[in-house]
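These notes concern the structure reproduced below.
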Amino acid sequence: MSRKADAALRESVNSDNAAAFQEWYLDFLSKVRKRIRKIVSDRQVLALWSENSLELTSRERELSVNLDRTRGLFGKASGSKSARSATALETLLSQWCSDGTGPLGSWEAVCVSEMLIRGGHLLTPETFASCLSIVARGMLNEPLGGLFSESEPENDSDNPLRQVIARGEAPFVCSLLLEPIGGIDAIRKSGTEVLQSLLNASTDAEGIFHASMIPQLAEHLAPLTRITIWAKVFRTTLWDDEQAGRIDKLVQRASMMVVPPAATGVDADESSSEKLELSAVIELLLDVTDNEFDAPIRKLIKKSRRPVKRITSPGRYRAPKEAEESESATAADGVESDRKPKAKEKTKAKEETPELATSWQSDTSFHAVLRSSAKGDADVISVDWHTSNVQVRVTAGGVPLINGAWTWSVRLGDEAVAAPLSWKCSCWFNDPECVFLELEAENTEGQRCIRQIVLVPYERFALFTDSVTTGASETRVQLTTSLPLAEGYSTVADSVTRELTLCHPPAQVRVFPVWMEDDRIQHALGQFREHDGQLEMTAPGQGGVTLPVAIDWHPERSTLPADWCRLTVTENRRIVGAHEASGFRIRVGEFQVLGYRSLKAGTNSRAVLGLHTWDETVYTRITRKNGPMRPLVEVETPE
């Protein structure tokens, strides 16, 4: 114990008076316990958020199992209920103290520290003192560089979550608990520096998290949430202004990944007890931060608690008056994208109050989210490309639709070509009518491989377009891709067209292979089918090929007739080949979209179905009654 420790605390230790020691410590923790009570209420131990993300030691696993069996430790109770809680916590921690197998582990250090802070008043003086003594010896008797080095499982040493807890969270939290004992300055400084550097490394300046975190986003946010809570209740500074702002943005970004749970027939409350929910972590972060979008984020979380019962119509888009007046002008020479000079933007209305961003993209995080709105039943497309396999997650009207790798395979002649090793975002566009993402393969010799995703927010409609070109018109090219369906879908093939309907109540999703003839009677080159939970698509071509697939889940169009076709593209009265450009049109009811892709830049403008353009990519709506086309997105040809 440090010489600077309180005299009464030193006296209780020297006289081996466990009761006096506990009384002093509980007085020190009393205000902290009240503050933490206001934030977490009667929630179970927060350290349990990470129990399934780590390879626990045998002692840690036993502690975890015992905690899972014990509920309501910190609930508001009186009389017999309070006595039962005290007995349960006393039994649990006294058993932990008696198990002397191995050194203190990082997860159990965090877990036991939390229980002492929140429930130390429920323990006997002897158990309280013993637990605190074990934590203190584990933290103060080891050299800082080797802290927890002997207690961590070898096969979990590369787990980034384990590193966050061992090098950051455990030293920080334990230093707060052990502050009266002294000698913790170096430990707290080390833990703080690690946590700050990890926050900066795992997010960009806009709070967008790295793509590698997405599969376990809630688990990655759990330690960050816990330490932010502890810093607040102990009233100590952890984050500077820039880092606090980054956390606020991180909460905003993460909230747009919140979607309703899939309908499984299991009660939502029961299923959520087995899996850490992203919404639960975000809600606690909102409680300890001052986020300007607190209200809309909480509303989104509330609307996303239970599975969607039916997919609703999103309503019609109403363009601002200023945008309508200038739309024709901007369609010709529009405003350049802030990010890249490739995408044309429509003129926006006058600047309004900030709104919660629902879609974003980050080059450094290799991640993009295309979301239709901040509503619980929004359409969400999450894309990450930090590995060679592009990962796609699609939620259609709040119902999971696609989840997994968007595969890519090319054959030139009779030879299979190696798949791209990496991808980069070559174009991004976002406005109320359309969200657009373009990925381009890197390090591909003699080929240009492009993937595009278009989400039309007010139409519950999306397009996935793949294209590859070799530059040689005589080369035979075959492109094969696949999209993995979420669990629970059945497939129904249309008897007249090549449309497939994917059914998973309440979702009814129509998928159209736009690169093929729509009529089943006509011979078509290529293939489109559902096989083993995958939408498999193949398209052949000469010199190049474009493979667009349209997906429609608008409830008002679920039974309307659909037709589509490839379009002739001309340049200076010459029909261009598939290795140069392609066009297509799809119509479902009265909703109709035209798509154009230029695989090779022309020397003159090109025409397709009345559209004359110099652009590399155009997606536009075809309006009724011979009205003008309404561009969704136009991508300029690179110079």
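The values are calculated or read from the model by the stated rules, or taken from the named source; none is laboratory data. Treat the numbers as computed from the prediction; the structure is a model and nothing was measured. Glycine gets a Cβ as well: all are built from the backbone with ideal geometry, and neighbour counts include every protein chain shown. The accessibility values were calculated without ligands, DNA or RNA, using every heavy atom of the protein model including side chains. Shrake-Rupley method; radii C 1.70, N 1.55, O 1.52, S 1.80 Å.
Output the number of residues of region 41-65 satisfying the condition of being part of a loop (DSSP other than H, G, I, E, B) and in contact with a Cys (Cβ under 9 Å, 6 or more places away or on another chain). Write out each step before concluding.
We begin by selecting, within region 41-65, every residue part of a loop (DSSP other than H, G, I, E, B); these are 41-45, 51-57.
Those still in the list that are in contact with a Cys (Cβ under 9 Å, 6 or more places away or on another chain) too: 45, 51.
Of the residues in region 41-65, 2 are part of a loop (DSSP other than H, G, I, E, B) and in contact with a Cys (Cβ under 9 Å, 6 or more places away or on another chain).
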*Residues that are touching a Pro at 6+ places or on another chain (Cβ under 9 Å): find the strands (runs of 3 or more DSSP E) completely inside region 430-535 holding 1 or more of those.*
434-442, 448-456, 461-469, 476-484, 500-504, 507-513, 527-531
*Considering only residues of region 30-55 that are buried (at least 21 other Cβ atoms within 10 Å of the Cβ) and among the aliphatic types (A, V, I, L, M), which is farthest from L221 (Cα to Cα)?*
I36
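Here is a check on your reading of the model: is L502 closer than 22 Å to D563 by Cβ and over 27 Å from the mean Cα position of the chain (by Cα)? Give the steps one after another, and end with the answer.
On the way: closer than 22 Å to D563 by Cβ: yes; over 27 Å from the mean Cα position of the chain (by Cα): no.
Criteria not met by L502.
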*Give the residue that is farthest from E530 (Cα to Cα), with candidates limited to residues of region 371-424 that are free of Cβ contacts under 8 Å to residues at least 12 places away in the same chain and in a strand (DSSP E or B).*
E415
*Of all residues in region 210-227, how many are under 13 Å from V164 (Cβ atoms) and open to solvent by less than 10 Å² (accessible area, probe 1.4 Å)?*
6
*Looking only at region 462-474, decide whether some residue is open to solvent by 60 Å² or more (accessible area, probe 1.4 Å) and in contact (Cβ under 8 Å) with a residue 60 or more places away in the chain.*
yes
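Residue under question is K275, and the condition is that it be part of a loop (DSSP other than H, G, I, E, B), modelled with pLDDT of 90 or more and not hydroxyl-bearing (S, T, Y); does it hold? Let's see the steps before the verdict.
Numbers: part of a loop (DSSP other than H, G, I, E, B): yes; modelled with pLDDT of 90 or more: no; not hydroxyl-bearing (S, T, Y): yes.
No, not satisfied.
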*Give just the number: which of (1) β-branched (V, I, T); (2) modelled with pLDDT under 95; (3) crowded, with 20+ Cβ neighbours inside 10 Å does V266 not satisfy?*
(3)
*Has region 4-16 got any residue that is modelled with pLDDT of 90 or more and surrounded by 13 or more Cβ atoms within 10 Å (Cβ to Cβ)?*
no
_Residue tally, condition over 31 Å from the mean Cα position of the chain (by Cα), over 20 Å from G602 (Cα atoms) and open to solvent by less than 50 Å² (accessible area, probe 1.4 Å), over region 619-639_ = 3
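Would you pick out the residues in region 572-582 that are touching a residue at least 12 places away in the same chain (Cβ under 8 Å) and either open to solvent by 100 Å² or more (accessible area, probe 1.4 Å) or within 35 Å of the chain's Cα centre (by Cα) (or both)?
Here is the first cut: in region 572-582, the residues touching a residue at least 12 places away in the same chain (Cβ under 8 Å) are 572, 576-582.
If the condition is that a residue be touching a residue at least 12 places away in the same chain (Cβ under 8 Å) and either open to solvent by 100 Å² or more (accessible area, probe 1.4 Å) or within 35 Å of the chain's Cα centre (by Cα) (or both), then N572, A581, S582 are the ones that fit.
So is G602 in a strand (DSSP E or B), touching a strand residue (DSSP E or B) at 6+ places or on another chain (Cβ under 7 Å) and touching a residue at least 12 places away in the same chain (Cβ under 8 Å) or not?
Numbers: in a strand (DSSP E or B): no; touching a strand residue (DSSP E or B) at 6+ places or on another chain (Cβ under 7 Å): yes; touching a residue at least 12 places away in the same chain (Cβ under 8 Å): yes.
Taking the combined requirement at face value, the residue does not satisfy it.
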_Here's a check for you: in region 519-540, which residue that is under 29 Å from S313 (Cβ atoms) and crowded, with 21+ Cβ neighbours inside 10 Å is farthest from the chain's Cα centre (by Cα)?_
F528
*Are any residues in region 605-618 free of Cβ contacts under 8 Å to residues at least 24 places away in the same chain, open to solvent by 20 Å² or more (accessible area, probe 1.4 Å) and over 14 Å from R585 (Cα atoms), and if so, which ones?*
H612, W614
*Which pairs have Cβ atoms under 6 Å, sit 6 or more apart or on different chains, and link a residue in region 173-187 that is free of Cβ contacts under 8 Å to residues at least 40 places away in the same chain to one that is surrounded by fewer than 21 Cβ atoms within 10 Å (Cβ to Cβ)?*
S175/I187; S175/R188
*Candidate set: region 441-495, residues that are touching a strand residue (DSSP E or B) at 6+ places or on another chain (Cβ under 6 Å) and of a type in the set (K, R); chosen: the one farthest from R587 (Cα to Cα)*: R448
*Residue satisfying all of: in region 541-571; open to solvent by 80 Å² or more (accessible area, probe 1.4 Å) and in a strand (DSSP E or B); modelled with the lowest pLDDT among these*: Q542
*asked:* Restricting to region 228-251, name every residue that is among the hydrophobic types (A, V, I, L, M, F, W, C), part of a loop (DSSP other than H, G, I, E, B) and open to solvent by 20 Å² or more (accessible area, probe 1.4 Å).
replied: F234, W239
*Hey, could you check region 90-115 for residues that are under 17 Å from E51 (Cβ atoms) and of a type in the set (S, T, N, Q) and say which is surrounded by the fewest Cβ atoms within 10 Å (Cβ to Cβ)?*
S113
*Looking at E415, is it acidic (D, E) and under 25 Å from V576 (Cα atoms)?*
no
*asked:* Return the residues of region 484-506 that are more than 16 Å from V394 (Cα to Cα) and of a type in the set (G, A, S); say none if nothing qualifies.
replied: S490, A493, S495
*Filter region 427-449 for residues that are open to solvent by less than 20 Å² (accessible area, probe 1.4 Å), within 19 Å of E580 (Cβ to Cβ) and either at pLDDT 95 or above or small (G, A, S) (or both) and give the result.*
E438
*Provide a single number: the residues in region 350-372 that are open to solvent by 30 Å² or more (accessible area, probe 1.4 Å) and in contact with a helix residue (DSSP H, G or I) (Cβ under 9 Å, 6 or more places away or on another chain).*
4
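So which residues in region 197-227 are outside any helix (DSSP H, G or I) and among the hydroxyl-bearing types (S, T, Y)? Walk me through how you get there before you give the answer.
As a first pass, look at region 197-227 and keep what is outside any helix (DSSP H, G or I): 203-210.
If the condition is that a residue be outside any helix (DSSP H, G or I) and among the hydroxyl-bearing types (S, T, Y), then T203 is the only one that fits.
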*Selection from region 387-419 of residues that are farther than 30 Å from P307 by Cα and either in contact with an Asp or Glu (Cβ under 8 Å, 6 or more places away or on another chain) or at pLDDT 95 or above (or both)*: W408
